[in-house]
Amino acid sequence: MAAVVAHGDLDGLASAAVVSAVLRKKRGAHPRLLIAQPYALHRTLLKLASEPPELVVLTDVGVDEAVWPSVRKSVEELTAKGARILWVDHHAQTARVSLELAELGVSLLYTGSGCASTIAREVFAPLTDDPSFFAKLARLGEIADNVAGGDRELTLLADRLAAALSAPSSKDEFKVRLVKMWVEEKKLVDDEVAVKAEEFEKALARKLAEIEQRVVFEGEVGVVIDARGMRLEGLAGHIASRLAREKGKVVAIAFSPNEREVVVTCRVPPHIDFDAASELSSLALKLGGGGGGLARAAAIRVPSSAGDELLKKLGELLARRK
Ligand SMILES: [Mn+2]
């Protein structure tokens, strides 16, 4: 038995589908698919421990430094039970633990210039039963992660799929079904994708109107928004991306996913030189939290009690930039 553990965005799912297609061709069965978030990866891996697969492939799930010790333990538990692990990723934090991964017996396929779907397209699509379909699917993941461009048709498809995946009603079951449809029917979109994409656009428009009132700092290069207490329905990253594009500034949005933590998600528009992952994660570490991501798309979390301090520090950090 094999399992794929994927991040739930288009890059994660597209790369998972390509890997799944290869495993299905080689082993005759569709691998089990689990959707994971970096901050809870240890818990997702533990779900596999009761019936450990021979092979586990992770796609697009980055290492979150705050939970790395727990992830390490889950990895050790799985490998002790005979599982082999291949980690396909493009997040710098994962590469930073590559020596530890090697010691744990985990293989790492990493790129710093593309995304997980880039690796899927270059390495795995040629090994599937339909290389051109899976190369196209992987290209959609690359477009969604902003590492490649595409013609009008591909860009529209990528936007629509990314929107559907981000709809408030898009749960893991929908994502798992979508990957199955790609692998088994070689079909990219269906009616449910269209309905969910529309739901997403409506929800996003509503939240954008609401969040305009929550700006706590706005300077030449950056905006800080305090959305603690507001329900963002999983749209925080999308709101930040849309605002970063519209305002042409770095956008940082703080929100409270639960009572214990404050999360800040940050997006950087193309013309601004600001490494969100490293700037924000060093702030978070000082305040007892963690996180990271990419230079232009990062998220950190700190204990709720440090929320006010974090917002203040973010404003100061962005005010210093010209
Ligand atoms: Mn990605």
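The values are calculated or read from the model by the stated rules, or taken from the named source; none is laboratory data. In this text the structure is predicted, and so the values were computed from the model without any measurement. To get the accessible areas, we keep the full protein, side chains included, count just its heavy atoms, and leave off ligands, DNA and RNA. Shrake-Rupley method; radii C 1.70, N 1.55, O 1.52, S 1.80 Å.
Would you mind estimating how fast the chain diffuses translationally, via Stokes-Einstein at 25 °C and 0.890 mPa s with the Kirkwood radius over Cα pairs, in µm²/s?
122 µm²/s
Quick one: what are the phi-derived ³J(HN,Hα) couplings along the stretch 84-91, Karplus 6.51/-1.76/1.60 with θ = phi - 60°, whole Hz, x for glycine and proline?
With the stated coefficients, the stretch 84-91 comes to 9, 10, 10, 10, 10, 7, 10, 8 Hz.
At a 1.4 Å probe radius, carbon and sulfur cover how many percent of the accessible area of the stretch 233-315?
Its accessible area is 50 percent carbon and sulfur atoms.
Taking the stretch 108-227, how much of its Cα-Cα pair set, in percent, is spaced more than 22 angstrom apart?
Above the 22 Å cut-off, the stretch 108-227 has 48 percent of its Cα pairs.
Of the residues ARG296, ARG84, ARG27, which exhibits the maximal mean-square fluctuation in a Gaussian network model of the chain defined by a 10 Å Cα contact cut-off?
ARG27
Please list, ordered by chain and number, the residues whose modelled amide H lies under 5 Å from the amide H of LEU33; skip anything fewer than 5 residues away on the same chain.
VAL4
With a 1.4 Å probe and every protein chain kept in, tell me what percent of the accessible surface of the stretch 2-196 is carbon plus sulfur.
Carbon-and-sulfur percentage of accessible area, whole number: 50.
In the Gaussian network model of the chain, springs joining C-alpha atoms below 10 Å, which of VAL18, VAL147, VAL264 carries the largest mean-square fluctuation?
Sorting by GNM fluctuation, first place goes to VAL147.
May I ask you to evaluate 6.51 cos²θ - 1.76 cosθ + 1.60, the Karplus curve with θ = phi - 60°, for each residue of the stretch 94-110 and list the ³J(HN,Hα) values in order in whole Hz, giving x for glycine and proline?
5, 5, 5, 9, 4, 5, 5, 4, 4, 4, 7, x, 8, 8, 10, 10, 10
Using a 1.4 angstrom probe, figure out how much accessible area the chain has per residue, in square angstrom, rounded to the nearest whole.
Solvent-accessible surface per residue comes out at 45 Å².
Cα atoms only: what Rg and Dmax, in Å, come out for the stretch 220-319?
Values for the stretch 220-319 (Cα only, Rg and Dmax): 12.0, 36 Å.
Once phi is turned into ³J(HN,Hα) by the Karplus curve 6.51 cos²θ - 1.76 cosθ + 1.60 with θ = phi - 60°, what whole-Hz value does each residue of the stretch 129-144 show in order, with x for glycine and proline?
7, 8, x, 6, 4, 6, 5, 5, 4, 5, 4, 4, x, 5, 5, 5
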